[in-house]
Amino acid sequence: MKSKHTYRGLVMRTDPRRALAAARPATAAARVRVGREVAGRGGKGVSVISGLPLAGAELEALGTRLKKLCGAGGAVKDGTIEIQGDHRDRLVTELRKLGFEAKRSGG
C-alpha cells in the first residue's frame, strides 16, 4: 500500500503551512489583471478584471462605473468584473487613475 495519497499520478501534499498561506487574503498591493476571454461565450469576447481587493457593494459600484465608461454591458461574478467587448487599454488606464496597480494580461 502506498504511503501517500495520489491523484492521476501526482502526489498530494497536506502541509499545514501551505494551507495557511493559501487561506491568506490578498493584500492591497495585489496586482489587478485585465484580460480578455472568449471561452464559454459563443465566441464573443469580454474584458475580465480580476484580483481586485474589493468585495460586495464596492465591487458592484466599480463594475457599474467601468461599464458606463466603456458604454457596454457586463456583470460582476465571483469577485471578477466582466465587461462585454475588448476594452482592456481603457480599463487599465481608469483603474490606474483610481489607484489600483492594474496590468494588462494576455495577448
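The values are calculated or read from the model by the stated rules, or taken from the named source; none is laboratory data. Small disclaimer: the values here were computed from a predicted structure and weren't measured. Because the Cβ atoms are built from the backbone with ideal geometry, glycine has one as well, and the counts that use them run over all protein chains shown.
One table, with the values for the structure above:
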| read-out | value |
| --- | --- |
| Cβ pairs under 7 Å, 6+ apart, first in segment 80-107 and in contact (Cβ under 8 Å) with a residue 12 or more places away in the chain and under 17 Å from Gly45 (Cα atoms), second β-branched (Val, Ile, Thr) and part of a helix (DSSP H, G or I) | Arg104/Val92 |
| Members of segment 39-55 that are assigned to a loop (DSSP other than H, G, I, E, B) and hydrophobic (A, V, I, L, M, F, W, C) | Ala39, Leu52, Leu54, Ala55 |
| Residue identified as outside any helix (DSSP H, G or I), exposed (fewer than 15 other Cβ atoms within 10 Å of the Cβ) and either among the charged types (D, E, K, R) or modelled with pLDDT under 85 (or both) among Arg36, Arg13, Arg17 | Arg13 |
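So that you can scan it fast, the table gives a plain yes or no per residue for (1) of a type in the set (Lys, Arg); (2) exposed (fewer than 13 other Cβ atoms within 10 Å of the Cβ); (3) in a strand (DSSP E or B):
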| site | (1), (2), (3) |
| --- | --- |
| Leu62 | no, no, no |
| Leu69 | no, no, no |
| Ala72 | no, no, no |
| Ile83 | no, no, yes |
| Arg96 | yes, no, no |
| Gly99 | no, yes, no |
